[in-house]
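Here the structure is laid out as structure tokens; the discussion comes afterwards.
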Amino acid sequence: MLVHICCSVDSHFFLQKLKQRYPKEELVGFFYDPNIHPYIEYQLRLLDVKRSCEMLGVKLIEGKYDYVSWLESVKGFENEPEKGKRCSICFDKRVEESMKEALKLGEKKVTTTLLTSPKKSIEQLRNIGNTLAKKYGIEFISPDFRIKGGTQEQFALAKKEKLYHQDYCGCIYALGKQREAQSKIKDELFTQVNKQIVPNSLQYRLDLYQKRYKFEQEGKKYDIIREKFLNYRMLRGYLEVDKKVLPSYFLSYSYMKRKKEKLKIEKKIKNIFYSNRHEVKLIEISYLNKVLKTSFANTKELILSPVSFNDEAGVRKHIDNLFFGTSPIVVVDKVDFKNFEIYCDTILYQDVMENLVSF
């Protein structure tokens, strides 16, 4: 039996239930999810599905990530609600590709772990699966494992096995609607221009789960702990002198209530230049090098090859004596000016992050 897989939270439970109901069937997993966006989220879900299938002894095949063709297939249905027409088209595409894969492998039966997702309509999936089954001459298996407390059992199992638990369906349109309803920013779509890995970004999560996977391969003991924290994303920041933009680097958590201000240097104390308002501070690249024991030739080099987030936080601690400070701190090549204009557009928001703890 070919089992289309959407994510580990659904598949880990679904595959075990299938093994119990169809003990004579050899199950083959097929991860085909071109709807998932961004690609790093796709990589994260695939990584956890691989781990789950290894644990269960199920062979896994990865389908093609043809995101562009998926976008074209749902064009015009971007604003459809969950379980609407867009979802039907999406299910249709994924189940049909699973049918084609089954034919190549000589499989007689096809099913999908989407059937166990509480956000999906079983009747919608059954209608699509049965229609395609007639077209391709393959039996579509559609058990309902949600009944009799199945969903609660599924989530309890996911927690026990420390599976990656994504909090949106996967497509960019569902993400937008969900975050809008939650009054949250779509930080899954944020990517640092300088490629620095910031807390709770998708790259941070992927690195965490890759490290977890390595721990398990090496037999190390660990746990994954969830913690609340104040998150931060910079949208845009620059510094101007005489209407000329200077190369400048804003330390993380630099925040201003008003995005744009005209300021002037009021004083200098121990290599730190203090502005007259809004707690803005400037430091020169030479001082940053001294604090971090680095050797950046100029600020542009720092922008292109930033230090780690933790090292950057250490610079803020050194200057502000606060790990949780939000004063704007800006690195420039040389502070040889008195007046300047600063633009700082950033977001501070409550968030929950996972941390890997080994013991």
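Derivation of every value follows stated rules applied to the coordinates shown; laboratory data play no part. On a predicted model such as this, the values are computed, not experimentally measured, just so you know. We place every Cβ from the backbone using ideal geometry, glycine too, and count neighbours over all the protein chains shown.
For region 2-184, the relative contact order comes to 29 percent (Cα pairs under 8 Å, sequence separation of at least 6). By the compact-protein rule of thumb, 2.2 N^0.38 Å, the alpha-carbon radius of gyration of region 223-311 corresponds to a ratio of 1.26.
Size estimate for region 2-184 follows the Kirkwood approach: the inverse of mean 1/r over distinct Cα pairs works out to 16.6 Å. Counted residue by residue at 0.36 nm each, then reduced by the alpha carbon distance between them, the extension gain from Asn276 to Asn298 reaches 5.4 nm.
Each of Gly137, Ala181, Gln210 was placed along the dipole of the chain (beta-carbon charges, centred on the mean Cα), and the one lying farthest toward the positive end is Ala181.
Looking only at region 214-253, which residues have a backbone nitrogen under 18 Å from a spot 7 Å from the Cα of Asn194 in the C-beta direction? Residues passing the 18 Å test: 232-240, 245-253. Modelled this way, with points 7 Å down the Cα-to-C-beta line, the labels at Arg258 and Met1 are 6.6 nm from one another.
Estimated translational diffusion coefficient (Stokes-Einstein, Kirkwood radius over Cα pairs, 37 °C, 0.692 mPa s) of region 185-227: 276 µm² per second. The modelled label-to-label distance between Leu322 and Asp167, using points 7 Å beyond Cα along the C-beta direction, is 2.6 nm. Checking every one of the trypsin sites (Lys or Arg not before Pro) in region 242-317 against DSSP loop status and a limit of 13 other Cβ atoms within 10 Å picks out Lys243, Lys257, Arg258, Lys259, Lys270, Arg277, Lys293.
Roughly how big is region 230-352's charge dipole about its Cα centre, with Cβ charges of +1 (Lys, Arg) and -1 (Asp, Glu), in debye to the nearest 20?
Rounded to the nearest 20 debye, it is 360 debye.
Pairs of Lys residues in region 142-225 are counted when their Cα atoms are under 22 angstrom apart and they lie 8 or more places apart or on different chains; the count is 19. Normalised by the number of residues in the chain, the mean separation of alpha-carbon contacts (under 8 Å, six or more apart) gives a relative contact order of 18 percent. When the alpha carbon gyration tensor of region 86-235 is reduced to an equivalent ellipsoid, its three semi-axes come out at 34, 21, 17 angstrom, largest first.
For Tyr222 and Ser69, a Förster radius of 41 Å and the Cβ-Cβ distance give a FRET efficiency of 0.60, rounded to the nearest 0.05. Its Kirkwood hydrodynamic radius, worked out from the mean inverse distance over all distinct Cα pairs, puts region 186-343 at 17.2 Å. Segment Asn130..Leu348, full-extension length gain: 73.7 nm, with 0.36 nm per residue of separation and the alpha-carbon distance subtracted.
In whole Å, how far is the Cα centre of region 252-282 from that of region 308-359? With region 252-282 and region 308-359 each reduced to a Cα centre, they are spaced 13 Å.
Cα-based radius of gyration for region 23-129, normalised by 2.2 N^0.38 Å, reads 1.10. Cα centroids of region 180-230 and region 19-51: 20 Å apart.
Length gained on full extension, Tyr204 to Lys184, computed as 0.36 nm times the residue gap minus the Cα-Cα distance: 5.3 nm.
When the alpha carbon coordinates of the chain are projected onto the principal axes, the ranges are 78, 50, 35 Å, largest first. Over region 131-212, Cα pairs under 8 Å with separation of 6+ residues give a relative contact order of 12 percent.
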